[in-house]
Amino acid sequence: MKRFGLARVLSKMGLASRTQAAAMIAEGLVRVNGKSIRDPEFPVRMEIDKVSVDSRQVVAQERIVLMLNKPRGLVTTRQDEKERATVYDCLPPDMPWLAPVGRLDKASEGLLLMSNDPVWAASITDPSRHVDKTYHVQVAGLPGEDVLARLNAGLPVPDGLLKAKAVTVLRSGAKNTWLEFVLEEGRNRHIRRMLQALDIDVLRLVRVAIGRLTLGELPKGQWRVLTGPELALLDNA
């Protein structure tokens, strides 16, 4: 029978993040088969051993996956050392533990998934799966064909090459342009760094789709639980 570390077990069961689980274990709140355990790496057989937190037996939580239309200005974290507003401010206080599935930086907005299932979340963010993520980006100016060609070819940066699967023009105005970026992988500030390399200012950056799951008409700052067919779109991406 395969064994997992106690903190990992609590996380896999959808109760808390590994960091939160380790803190509960250190506080003496967790028992395995009736014995208080303070080692987050204590080996546990998930199908056999009985785990309790604060005298209540832990059972695997039903998977929850929701989409949030993240507003600009929120950080994607539970607690922020600078006490900035976070995406959790959009959720009700009695919401079960959830963690972001991937991230959007503070200045970005749009589709953010959150789930209590870290194993499922890791499968969605695994770079080897090449799940497309689509962004609509408003930039200053009117990029020409030469700029689009350079964006589609990829741009060298100090830590490698930043590429998009595709970059196209959605629409142009008198002073700005909306571009669509499709990424197979999302490195830190990926799109912003690509555009910065060409001295192009980003005015707005909105994630509108993950795989075939789209943000749709969900209002900014609102959330909803995904349906079974929507989960299938992600699982089959």
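The values are calculated or read from the model by the stated rules, or taken from the named source; none is laboratory data. What you see is a predicted model; the values in this text were computed from it and never measured. Using ideal geometry, Cβ is built from the backbone for each residue, glycine included, and neighbour counts are taken over all protein chains shown.
Whether any residue in the range 88-99 is buried (at least 18 other Cβ atoms within 10 Å of the Cβ), within 22 Å of Ala166 (Cβ to Cβ) and modelled with pLDDT under 95 is what I want to check.
no
Can you find even one residue in the range 220-231 that is of a type in the set (A, V, I, L, M, F, W, C), buried (at least 16 other Cβ atoms within 10 Å of the Cβ), touching a Ser or Thr at 6+ places or on another chain (Cβ under 7 Å) and under 19 Å from Thr76 (Cα atoms)?
No - not one qualifying residue is present in the range 220-231.
If I ask for residues that are part of a loop (DSSP other than H, G, I, E, B) and either in contact with a helix residue (DSSP H, G or I) (Cβ under 9 Å, 6 or more places away or on another chain) or of a type outside the set (A, V, I, L, M, F, W, C) (or both), which ones from the range 174-192 would you list?
Lys175, Glu184, Glu185, Gly186, Arg187, Asn188, Arg189
Looking at this structure, is Val131 modelled with pLDDT under 95, in contact with a helix residue (DSSP H, G or I) (Cβ under 7 Å, 6 or more places away or on another chain) and either closer than 24 Å to Ile64 by Cα or not assigned by TED's automatic domain parsing to the domain that holds Asp201 (or both)?
yes
Can you tell me which residue in the range 27-66 is nearest to Ala16 (Cα to Cα), limited to those that are out of contact with any Gly (no Cβ under 9 Å at 6 or more places or on another chain) and touching a residue at least 60 places away in the same chain (Cβ under 8 Å)?
Within the range 27-66, the match that is nearest to Ala16 (Cα to Cα) is Val65.
Please verify whether Val167 is in a strand (DSSP E or B), surrounded by 15 or more Cβ atoms within 10 Å (Cβ to Cβ) and over 19 Å from the mean Cα position of the chain (by Cα), treating the condition exactly as stated.
yes
Count, please, the residues in the range 193-229 that happen to be in a helix (DSSP H, G or I) and in contact (Cβ under 8 Å) with a residue 40 or more places away in the chain.
3
Got a number for residues in the range 115-143 being under 18 Å from His190 (Cα atoms), of a type in the set (A, V, I, L, M) and part of a loop (DSSP other than H, G, I, E, B)?
Residues that pass the stated criteria total 1.
Give the residues of the range 104-129 that are farther than 20 Å from Arg212 by Cα and either without any contact (Cβ under 8 Å) to a residue 40 or more places away in the chain or surrounded by fewer than 20 Cβ atoms within 10 Å (Cβ to Cβ) (or both), sorted by residue number.
Residues satisfying the conditions are Asp105, Lys106, Ala107, Pro118, Val119.
Of everything in the range 170-188 that's in contact with a Ser or Thr (Cβ under 9 Å, 6 or more places away or on another chain) and of a type outside the set (A, V, I, L, M), which residue is surrounded by the most Cβ atoms within 10 Å (Cβ to Cβ)?
The selected residue is Phe181.
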